[in-house]
Structures are given as C-alpha cells and as structure tokens.
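For reference, the structure discussed in these notes is given below.
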Amino acid sequence: MTGCGTRSVVFWTMRLMLRRTLRERIERGKVVKSDSEAAKVIAGAFESVVNARWSHVLSGVADKPLGMCVADGRPTSVWSDAEVNKTPLQLPTENVDDARGGGLELLVLTSAMGWPFTLFNTRAAANDTPFQMMDDTDVVVRRESVRVWNIVRADLDAWLVRKEGPPTSFVLVGSPGIGKSFGVGSHLLYELLHYAPGKLDVVTFLVREKIFIFYLPSGGEAGRVESYKKDDGVERIVELSDAGKRGYMILDAKKYVDLPTDLPSESWGSIVLSSPNKKNYKVWDETNMCSRFLFINRYHAREMKAYFAWMRRADLAAAEGNAAVRAELEESWRVMQERMHEVGHAPRYVFNDAKYETRKEEAEAALNTLTTGNVSYFLSVFAGRIEWKNDGTTHSLVDLVRLEGGATERCGNRPVSVAVRSKMIDQLHDIVASDPRIFNPEHYATINGIVFEILVLAALQRPASAWRLLQGTRALDSGARVQRRSVVETVALASIASEQFTFRRVGYLYNSCRPEVVTTCEPMVLYRNYHDDYPVIDGLFVVEDHTGETSGAEQQRGAPQRTVVLLQVTLAREHPTDTNKLMLLMKALRAQFTNWEDLTRDAQWEMIYFQPSKTEKICNRQRCSIPRGMEGNAGHKSAHGFWNTKVRQYQKSVDETVLFVRALLPER
C-alpha cells in the first residue's frame with residue numbers, strides 16, 4: 001500500500017466520523033442558525049469582485065519616467081507558460097534588468113469595495129501612503145500568480161470538464177510579505193468566478209475567523225456574497241456539498257487560525273495559502289491525504305519597480321512634463337532600491353516605512369542570535385538547509401525559492417537580500433578563522449559539504465586565493481595513460497607573472513531542463529552552479545589558445561586548442577558518477593550555451609576534484625558507470641567511452657591557509 005493509501009485508512013475514518021456528527025447536529029438544529037442569523041449578505045460585493053477593473057504596467061519604455069508605463073485594461077497577450085515557469089537564481093541580485101527583457105511586467109485588478117482578505121473594508125484616509133491606499137482595493141497579479149492559476153485551471157478542467165477524477169487539494173507556500181493571501185488568493189477568486197459558466201456553483205474564501213461564500217448566478221438568481229463566522233461558514237459549506245453543489249475553497253492559513261478539518265475537500269477543489277511554517281497547514285495536510293504542494297517565488301527586482309510605478313502612477317504621469325516631479329520620483333525609487341538591498345524583494349517590507357524599519361531590526365537581531373548560537377545551526381541557515389520557525393530567525397534572513405524538478409515541486413532557501421548574505425559571509429569569515437573544524441568531515445557532517453563548496457567557489461573568485469587553489473593539482477592514476485600536468489598550471493597560471501589569477505567574470509550554470517538564460521560560453525569565465533541538483537559538476541571554465549602545448553606533428557593533425565576544465569568540490573574519498581548524469585550534464589550545457597558544440601569540438605577535457613586537506617584523498621580516477629539495463633544503449637556507451645578516454649582527472653587538497661577569509665570578503 002502506498003503512503004497515501006496508508007494515511008487514508010486512518011484519516012478517512014476520522015473524517016467520516018466528523019462529517020456524520022456534524023450532519024446529525026445540523027439536522028437536529030442544534031448548531032446552524034437561521035439564514036438571517038448566521039449569514040450576512042454583503043450588498044454589491046459580488047459585482048465589485050466579478051467586475052474588477054484591469055490595468056497593467058509595462059517596463060522597458062525608454063522615453064517614460066523610470067522606464068515604466070501604466071495603462072488601463074488587460075493586454076490582449078499576457079505571459080506564456082515558459083515565461084511564468086522560470087526558476088530564479090539561488091542567490092539574490094540587485095540588478096533590476098538581470099535576465100529580463102522589457103514588456104508586460106504586472107497586471108492589476110481593482111475592486112472598488114475591496115476583497116475578502118480586506119473583509120471588504122476600504123478604509124482609505126487622506127493621509128494614507130500610496131502603498132496603504134492600494135492595499136485595500138488593488139491586487140497585483142504577476143507571473144507567479146498566473147502560474148498558480150494555470151495549474152488550478154488545469155485541475156478544474158480534469159475534474160469538471162473531462163471528468164477524470166476528484167479535485168486536487170493544493171497547498172501554496174511562499175515567503176511572508178510577497179502577496180500570497182491578498183495577491184494570489186484574490187486573483188484566484190476572480191478567475192474562479194469567471195471559470196467555465198455552469199461548472200462551479202460557489203467559491204469560498206476563509207480569512208482569519210470569517211468565511212465568505214460567493215454564490216454564482218443560477219436559474220435567474222443573481223450572484224451574491226454571504227459572510228459567516230468560521231464555524232457557521234463550515235456548516236453552510238457542508239450543507240451545500242451535501243446538496244450536490246460544486247465549489248472551490250480558498251483558505252488563508254495563519255499562525256493563530258486553525259484550519260477547519262471537516263470541509264468537503266474530497267468533493268470540492270481547494271487551495272491553502274501559507275508561509276513556510278509547517279504548523280500553519282500541518283493538520284490540514286494530514287487530514288487531506290496527498291495534498292499537492294506548490295511554491296511561489298518572491299518578486300523579481302523589475303516587478304518591484306513596476307509595483308512602485310503603479311503606486312506612484314499619478315506622479316509618473318505628471319513627471320513626463322515636470323522635471324522636479326521626475327527627479328523626486330527617481331530619488332524615491334533609489335531609496336526603495338536601498339531598502340531592497342537590505343530586506344529583500346517583499347513589497348510589505350519595502351514600501352511600508354514602519355514595516356521596513358521593523359524588518360531591518362529583526363534581521364539584525366536574528367543575525368546576532370546566530371552569531372552567539374551554535375556553529376552548526378548558523379551553517380545550516382547559511383547553506384539554506386533549515387526548517388522555518390515562528391521566532392523570526394528564518395523569515396527575516398532567508399527566502400523560500402522554488403527549485404526545478406519533475407511532477408512534484410521542490411523548494412529551498414536562499415539569503416533574503418544582498419545585505420543579509422554579505423553580513424552572513426562576514427560572520428562565516430569569523431567562524432572559519434576561529435573554528436578550523438569546518439574543514440574536518442567528522443564535524444558538521446550534515447551540512448559542511450555544502451558550506452565547503454561555497455567556500456571553494458567563493459575563493460576561486462578572488463585572485464590570490466584562486467592562484468593557490470589551482471596551483472599544485474595532482475594527476476589521478478589512470479593506469480596506462482601517460483600522466484600530464486593540468487593545462488590550468490601549464491597554460492593559464494604559467495602565463496601570469498604575479499600570483500594573481502583572475503577570471504574574466506563569473507557566470508551561472510542553470511537547470512538542465514530550462515536554462516534561465518541562453519547565451520554563448522566564453523573562455524576564462526568561471527561558470528558556477530546555482531542549483532543543488534546540477535549533474536556531475538559544481539562549476540567549469542574553458543582555457544583557450546594553448547597550441548604551444550602540442551608538438552608540430554600534433555598541430556598539423558588539428559590538435560585541440562582549448563580545454564574544458566570541470567570542477568567538483570567534495571568531502572568524500574570517492575566521487576563516482578554514471579552515464580545518465582553525464583548525459584544530463586551535456587544536455588544542460590548544450591541547452592544553455594548556443595556555441596557549445598563548436599566550442600568543444602576536438603577540445604581537451606579535465607576534471608579537478610577539490611577536497612579539504614583533512615579528508616581521505618582521492619587517489620585514483622573516478623569511475624563513470626553505466627546504469628543497469630543500459631549496457632547496450634548507444635548513448636550510454638558513448639558517454640562511458642567519452643569519460644574514460646577524454647577526461648583527464650586531477651585532485652587538489654585545500655587547507656585553511658588558502659585565505660578563505662579574504663576570499664569571502666567583498667573587494668575593498
């Protein structure tokens with residue numbers, strides 16, 4: 001029996017008992033009040049939401065202030081699946097234009113009466129800030145929200161149109177302050193109310209201790225919204241489900257609000273919106289077997305700029321003919337960029353003055369707590385391998401990020417901002433200086449591997465430490481193969497008079513399925529991996545133009561003039577791979593680099609294994625095996641032959657004297 005099946009025996013038994021008890025109480029009239037007592041009809045709310053007004057923000061408009069243009073209506077063309085399915089870099093960036101072209105940046109939905117999340121309370125005051133004024137009525141819809149709706153809509157189609165099975169229970173998880181409850185929740189509500197006519201009867205929204213039930217028009221009866229206290233709303237939903245009505249439930253999970261466990265999620269669609277704190281949705285997940293988890297990323301820097309442009313749209317229009325307004329607008333945006341540098345890309349903490357100051361103080365306090373705490377926990381936070389806590393030591397320091405995967409989504413953590421990451425690196429500097437056990441595999445066993453990888457790749461980016469890291473590599477025994485020094489030493493380092501080795505720049509290796517950026521591979525650029533599951537290597541670079549290393553006869557035969565240097569950072573005494581992973585690596589490199597085939601034609605290949613000096617050293621060539629059952633496959637046989645005949649292997653031991661401290665600190 002599967003895990004889901006095992007859970008179902010226990011939980012469905014409990015579920016049926018709860019539902020039977022609830023029905024009995026309803027029938028006896030001991031719980032549900034009359035409609036006039038339990039339900040409050042909110043006049044005009046249905047029309048306000050279903051007829052919400054669309055606007056949009058365009059970026060990359062050169063002749064407009066901030067390069068942004070605000071326009072009415074919904075564009076005829078929105079975003080493709082490829083545009084909304086992108087996975088971000090693992091580390092924060094300050095570059096607003098990073099890997100992003102111009103065009104549609106944000107959509108905005110405006111409901112004059114507000115939304116369920118605001119309890120339909122539009123409390124705008126004359127002295128409200130632009131952020132406060134839009135907080136009640138304007139819902140920002142970005143690529144991540146559209147992605148969630150695409151997934152929910154596909155599930156609705158399978159359930160209600162193609163009749164393929166019951167609906168899925170979704171749980172959407174994301175960092176605090178990025179617009180899950182208000183933004184994604186309200187957008188989903190709007191789209192559900194416009195879903196295929198006649199397929200849904202009601203849509204419900206649980207927020208805090210209230211449930212709003214949206215009844216879609218039916219049989220000549222107009223649509224309406226009823227507001228209930230939570231318990232009464234649950235009972236009304238059960239009544240509707242028992243009456244054969246089809247519905248969809250949106251539930252906002254909060255720290256101090258218990259999600260109902262007796263809702264009809266087996267027959268109605270549902271989505272829970274939550275921060276990464278598992279306590280928020282633990283009981284719901286246990287009671288609704290096999291929930292499907294979705295993960296939402298924070299705002300891109302360009303989306304933050306578009307959000308700012310929308311808030312200041314009146315000034316944006318005035319700035320076109322007024323230099324003073326334009327200057328003030330640009331200065332205000334500069335201040336927002338400084339805040340993004342400090343606290344990350346969450347609108348709640350950037351555009352609200354008081355919350356920005358509070359979040360900045362929380363981050364400082366959390367960092368101080370880490371400094372005075374145990375080293376192992378700090379390394380876990382730094383490496384992004386920690387559980388989220390309610391005490392603020394995580395959500396002010398790290399962002400949740402969606403990782404590439406297959407049918408099941410995965411998530412990880414990354415530093416919340418450039419400033420926080422820099423401060424954590426400074427603290428890591430102190431730890432490395434005072435606690436050399438970080439280089440010993442017997443300590444911090446669960447996370448020291450990822451931290452050592454961070455240290456080595458960071459050191460390669462600094463001239464002095466890069467020289468020492470690449471000098472003195474040792475060829476691994478290859479049996480009959482003639483041993484030869486690495487081309488890194490004989491060519492790259494030998495051409496430099498001083499012991500200052502510098503890569504031209506640092507690039508990134510993206511996911512093998514859908515690279516974030518398609519570009520050309522350049523010589524002497526350090527390409528480093530930002531995905532934990534990137535196959536075979538942690539980085540690479542290409543050494544070019546070393547014809548002097550070959551003899552005249554070899555040159556006449558067209559001897560290679562470049563070498564691809566693969567990098568692997570490891571604590572293990574062995575680091576074998578297999579042809580499946582090697583083929584995935586080659587697929588990833590071909591997908592990312594348009595010139596990969598031409599660049600590597602007739603190239604030489606090297607692999608350097610970096611290990612801490614206190615580990616048991618790799619002494620022999622690392623094998624690349626063919627997975628069982630693939631021995632006769634031509635592709636696997638070719639990959640196996642390539643590894644054994646083309647890739648020369650080297651090992652380098654790294655100790656504390658490689659100046660990791662200086663390597664990790666920013667350039668002064």
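The values are calculated or read from the model by the stated rules, or taken from the named source; none is laboratory data. Just so it is clear, the model here is predicted, and its values are computed rather than measured. In this analysis, Cβ positions are derived from the backbone assuming ideal geometry, glycine residues included, and neighbour counts consider all displayed protein chains.
Here are the numbers:
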item	result
Test: residue in region 334-345 that is over 21 Å from the mean Cα position of the chain (by Cα) and either farther than 22 Å from R414 by Cα or among the basic types (K, R) (or both)	yes
Selected residue [over 22 Å from the mean Cα position of the chain (by Cα), at pLDDT below 95 and in a helix (DSSP H, G or I)] from S376, S422	S376
Residue check for E235: part of a helix (DSSP H, G or I), over 21 Å from M289 (Cα atoms) and not aliphatic (A, V, I, L, M)	yes
Candidate set: region 137-190, residues that are outside any loop (DSSP other than H, G, I, E, B) and of a type in the set (S, T, Y); chosen: the one surrounded by the most Cβ atoms within 10 Å (Cβ to Cβ)	S186
Odd one out for G73 among (1) closer than 30 Å to L189 by Cβ; (2) more than 31 Å from the chain's Cα centre (by Cα); (3) at pLDDT 50 or above	(2)
In region 600-614, the residues that are polar (S, T, N, Q) and closer than 16 Å to Y650 by Cβ	Q604, Q611, S613
Residue that is farthest from T394 (Cα to Cα), among those in region 316-365 that are outside any helix (DSSP H, G or I) and in contact (Cβ under 8 Å) with a residue 40 or more places away in the chain	E320
Residue in region 252-260 that is β-branched (V, I, T), buried (at least 21 other Cβ atoms within 10 Å of the Cβ), at pLDDT below 95 and closer than 29 Å to V171 by Cβ present	no
Residue check for L240: crowded, with 20+ Cβ neighbours inside 10 Å and aliphatic (A, V, I, L, M)	no
Flag if L599 is within 27 Å of R474 (Cβ to Cβ) and assigned by TED's automatic domain parsing to the domain that holds V654	no
So L400, is it closer than 21 Å to A572 by Cα and at pLDDT 80 or above	no
Test: residue in region 334-344 that is buried (at least 19 other Cβ atoms within 10 Å of the Cβ), farther than 30 Å from S422 by Cβ and touching a strand residue (DSSP E or B) at 6+ places or on another chain (Cβ under 7 Å)	no
Lone qualifier among S265, S227 - being touching a Phe, Trp or Tyr at 6+ places or on another chain (Cβ under 7 Å) and buried (at least 17 other Cβ atoms within 10 Å of the Cβ)	S227
Selection from region 608-636 of residues that are more than 22 Å from D538 (Cβ to Cβ) and touching a residue at least 24 places away in the same chain (Cβ under 8 Å)	I626, P627, M630, G635, H636
Meets criteria (aliphatic (A, V, I, L, M), surrounded by fewer than 21 Cβ atoms within 10 Å (Cβ to Cβ), outside any loop (DSSP other than H, G, I, E, B) and modelled with pLDDT of 90 or more) for L584	yes
Residue pairs meeting the criteria (Cβ under 9 Å; at least 6 apart or on separate chains; first under 19 Å from N51 (Cα atoms), in region 210-232; second crowded, with 20+ Cβ neighbours inside 10 Å and of a type in the set (K, R))	I213/R236; E226/R236
Yes/no for F131 being at pLDDT below 95, of a type outside the set (S, T, N, Q) and not in a loop (DSSP other than H, G, I, E, B)	yes
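Per-residue answers, yes or no, for (1) charged (D, E, K, R); (2) without any contact (Cβ under 8 Å) to a residue 12 or more places away in the chain; (3) part of a helix (DSSP H, G or I):
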position	(1), (2), (3)
P264	no, no, no
S267	no, no, no
V272	no, no, no
W284	no, no, yes
L294	no, no, no
E303	yes, no, yes
A306	no, no, yes
A309	no, no, yes
A314	no, yes, yes
